[in-house]
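All remarks here apply to the structure that follows.
The values are calculated or read from the model by the stated rules, or taken from the named source; none is laboratory data. The structure displayed is predicted, hence computed values, not measured ones. Here Cβ is always computed from backbone atoms with ideal geometry, including for glycine, and neighbour counts include all displayed protein chains.
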Amino acid sequence: MNGLLSVCGCECSMCDYFKNKECDGCNQIQGKVWWIGYVNATSCPIYDCVKNTKKIDHCGLCSELPCKLWNDLKDPNLTDEQHNQSIVERVERLKN
């Protein structure tokens, strides 16, 4: 898997925080993304599930893809339609 592809299929190179050098990418920072405080976590719940609970490389290796975490962790700036499209795109990236 590409080092700039997070465990959930997001492309770090497309993220403004990565582009502005405010973040080194989800894999480098081990899921400790800027927004975790908003969900009362110490790391991204998806990253934690993949790396610490299931001990796999990425969500594409999980039989539950996409799971409840994916649906629950919706960016509030996205419409439901945009969120669902994001899930489709990320699943496709992980499966390729």
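Does I87 qualify as being at pLDDT 95 or above, of a type in the set (A, V, I, L, M) and surrounded by 11 or more Cβ atoms within 10 Å (Cβ to Cβ)? For I87, the condition - at pLDDT 95 or above, of a type in the set (A, V, I, L, M) and surrounded by 11 or more Cβ atoms within 10 Å (Cβ to Cβ) - is met.
Considering every residue within segment 57-74, establish whether at least one is on the phi > 0 side of the Ramachandran plot and either surrounded by 13 or more Cβ atoms within 10 Å (Cβ to Cβ) or in a loop (DSSP other than H, G, I, E, B) (or both). The answer is no; no qualifying residue exists.
Just name the residue that is modelled with the lowest pLDDT out of those in segment 1-57 that are of a type in the set (D, E, K, R) and either in contact with a helix residue (DSSP H, G or I) (Cβ under 7 Å, 6 or more places away or on another chain) or closer than 21 Å to Q85 by Cα (or both). In this case the residue turns out to be D16. Of the set (1) within 20 Å of R93 (Cα to Cα); (2) among the β-branched types (V, I, T); (3) free of Cβ contacts under 8 Å to residues at least 24 places away in the same chain, all apply to V7 but (3). Residues in segment 1-32 that are among the basic types (K, R) and surrounded by 11 or more Cβ atoms within 10 Å (Cβ to Cβ) were compared, and the one that is farthest from the chain's Cα centre (by Cα) is K19. Restricting the first member to segment 45-68 and to residues that are touching a residue at least 24 places away in the same chain (Cβ under 8 Å), and the second to residues that are exposed (fewer than 13 other Cβ atoms within 10 Å of the Cβ) and assigned to a helix (DSSP H, G or I), the beta-carbon pairs closer than 7 Å and six or more apart or on different chains are P45/V39; G60/K95.
Has segment 70-79 got any residue that is within 18 Å of K95 (Cα to Cα) and in contact (Cβ under 8 Å) with a residue 60 or more places away in the chain? Among the residues of segment 70-79, at least one is within 18 Å of K95 (Cα to Cα) and in contact (Cβ under 8 Å) with a residue 60 or more places away in the chain, which makes the answer yes. Tell me which residues, restricted to segment 21-52, are basic (K, R) and either in contact with an Asp or Glu (Cβ under 9 Å, 6 or more places away or on another chain) or under 12 Å from V7 (Cα atoms) (or both). K51 - this is the single residue of segment 21-52 that is basic (K, R) and either in contact with an Asp or Glu (Cβ under 9 Å, 6 or more places away or on another chain) or under 12 Å from V7 (Cα atoms) (or both).
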